[in-house]
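Heads up, the thing below is written out as structure tokens.
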Amino acid sequence: MKMLLIAAWLALKAISVLASVETHPAVQGEAVSQEYSVTADGQTAPVYTAPLDPLYNAKCGQHWDPAYSFVSFEFTGRVTVRISSAMPLTALSIRPASTEIPVQIAGNTATFTLERPGNFVIERNHNGRKDPLLLFANPIETIRPRQDAPGVIYFGPGRHHAGTIRLASNQTLYIAGGAVVTGSVFAQGDNIKILGRGLLENSGPDYEGKSMIELRQCARARIEGITIRKDTRGWTLVPEDCDGVVIANVKLCGSDRPNDDGIDPVNTRNMTIEDCFIRTKDDCLAFKGTGFDNHNCENITVTRTSLWSDQCCAMLFGDESRADFMRNITVKDCHVLYLSFDYNPKKLLMLHACEEMRMENLRFENIDVYGEGQHFNYLEMACEFNKYNKKKVPGYMRHILLKNVNLTGKDGPYPILIKGFDEQYDIDGVTLEHCTINGKPIARKSPNVQIGRFARNIRFTD
């Protein structure tokens, strides 16, 4: 009996050691949400807000709130999360829907347990995009640089007005949990890191540059863990002519201004994007070629990432196509939380091969999509040229695979267009394998599928 008690005590001690939660006090002067309050294992986590473009309501007849809420904390083991709503709470859903996390509601408070880190959208009372809470449940940091370590630019808890932060080879920018840093980043060199659990924003007069974080000709760069609040015009996170970039667990809260692309790999090679969350007004992921000695955009993997564009594409490949190839790119195990709404006919996935670029070996696998009955916003593959091109000629497309790309939600047209330009600039080899819309397989004869004359070897399999 004594041995059993000792064993039980050791087991409980092990659980207490393994289970841990870290939250950070609200930054002085930072407006907190009036809609939600959140605790993680009883510890208060401050809920901040991010602005939305007010034109959404005017143009679309929507009734979204002028800002949405987001909260972050870190944990290991299991954590009990309690969310209290300022308005009566009759229902609460957690997305992605595939997470299947049971929720208990008592009064205006919802309670649930998380057993692993992740990025979630909390929707109350079936309101959808109107007034969501983004919940970023991070893993606890295992490596934190010393403030006085060589090559470290360190921002501790509190508010910081940094202007433009310039990083060179072997430097690390660290933004600690509980820090809010206003500014932008320009990095050029090898082995550069941007790390932490804090918030980087670009509002106000301290923001400079065409992009919020620009990596110019960097090798072996890593960006991990931070949250970004984007409310100024311009692309957000842009590796240009880079090799070996990793972007992991970055959370992007945008959708306030035009042209706020999320992550734009430009003429970049050997890159990984994983475990990220991206909400934008413009494209979430935009793969481009804009020159840089025509270095290719290639060998890129995107995994376990949530995408949400309110007005443009979840994934855009091309338009700007100044490179010989855009190839060997895989997007898998991802979630498209919302498609863009109908007044701007952008897509879940848009492939535009222009300027004689060859798009080939692109793979999209295990992607779940939520639809609201959109008339325009699903798939488009086209060889063409457009206003973004310096060389007014189309490109080519080869070996495109969509596998287990499944939409659920409201019924709607969800059109699919596959077209080449002519006999020379064509599409050859597109496969849709086990792709469905509300459980119905997408087939060649589906009413929403349009295949042009210069598209060959287009296959559909159940």
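The values are calculated or read from the model by the stated rules, or taken from the named source; none is laboratory data. Because the structure is a prediction, the values reported are computed rather than measured. We place every Cβ from the backbone using ideal geometry, glycine too, and count neighbours over all the protein chains shown.
Looking for something of a type in the set (D, E, K, R), under 17 Å from the mean Cα position of the chain (by Cα), at pLDDT below 95 and surrounded by fewer than 21 Cβ atoms within 10 Å (Cβ to Cβ) - is there at least one such residue anywhere in the range 252-264? Yes: the range 252-264 contains one or more residues that are of a type in the set (D, E, K, R), under 17 Å from the mean Cα position of the chain (by Cα), at pLDDT below 95 and surrounded by fewer than 21 Cβ atoms within 10 Å (Cβ to Cβ).
Among the residues making up the range 284-308, those that are within 28 Å of Glu356 (Cα to Cα), of a type outside the set (A, V, I, L, M, F, W, C) and without any contact (Cβ under 8 Å) to a residue 60 or more places away in the chain are Lys288, Thr290, Gly291, Asp293, Asn294, His295, Asn296, Glu298, Asn299, Thr301. Considering Ser98, Ser93, Ser85, the condition of being within 30 Å of Pro54 (Cβ to Cβ), surrounded by fewer than 20 Cβ atoms within 10 Å (Cβ to Cβ) and hydroxyl-bearing (Ser, Thr, Tyr) is satisfied by Ser93 alone. Selection of the range 319-344 for residues being of a type in the set (Asp, Glu) and more than 17 Å from Leu379 (Cβ to Cβ) yields Glu320, Asp324, Asp333.
One residue stands out in the range 109-159 among those that are polar (S, T, N, Q) and in contact (Cβ under 8 Å) with a residue 40 or more places away in the chain: the one that is surrounded by the fewest Cβ atoms within 10 Å (Cβ to Cβ), namely Asn138.
For the range 400-414, the count of residues that are assigned by TED's automatic domain parsing to the domain that holds Cys354, in contact with a strand residue (DSSP E or B) (Cβ under 6 Å, 6 or more places away or on another chain) and in contact (Cβ under 8 Å) with a residue 60 or more places away in the chain is zero.
Could you tell me which residue of the range 319-341 is farthest from the chain's Cα centre (by Cα), considering only residues that are without any contact (Cβ under 8 Å) to a residue 60 or more places away in the chain and in a loop (DSSP other than H, G, I, E, B)? Only one residue tops the list, namely Asp324.
Taking the criterion of being under 28 Å from Ser69 (Cα atoms) and of a type in the set (S, T, N, Q), the residues of the range 130-149 that qualify are Asn138, Thr142.
Of the residues making up the range 320-344, those that are surrounded by 24 or more Cβ atoms within 10 Å (Cβ to Cβ) and either under 18 Å from Cys297 (Cα atoms) or outside the structural domain of Cys284 (by TED's automatic domain parsing) (or both) are Glu320, Ser321, Ala323, Met326, Val331.
Screening Asn270 against (1) touching a Lys or Arg at 6+ places or on another chain (Cβ under 6 Å); (2) assigned to a strand (DSSP E or B); (3) at positive phi leaves a single unmet condition, (1).
If you go through the range 277-291 one residue at a time, how many are of a type in the set (Phe, Trp, Tyr) and under 12 Å from Pro265 (Cα atoms)? Spell out how you get there, then give the answer.
If we filter the range 277-291 for residues that are of a type in the set (Phe, Trp, Tyr), which is where we start, we get 277, 287.
Pick out the ones that are also under 12 Å from Pro265 (Cα atoms) and you get 287.
Qualifying residue count for the region: 1.
Tell me which strands (runs of 3 or more DSSP E) are completely within the range 351-449 and hold 3 or more residues being of a type outside the set (Lys, Arg), crowded, with 23+ Cβ neighbours inside 10 Å and out of contact with any Ser or Thr (no Cβ under 9 Å at 6 or more places or on another chain), or say none if there are none. Don't jump to the end; show me each part of the working.
Details: elements: 358-372, 379-383, 396-410, 416-419, 427-433.
Output list reads 379-383.
Residues that are among the aromatic types (Phe, Trp, Tyr) and in contact with a helix residue (DSSP H, G or I) (Cβ under 9 Å, 6 or more places away or on another chain) within the range 95-127 comprise just one, Phe120. With respect to the conditions (1) more than 20 Å from the chain's Cα centre (by Cα); (2) farther than 22 Å from Ile458 by Cα, Thr303 falls short on a single one, namely (1).
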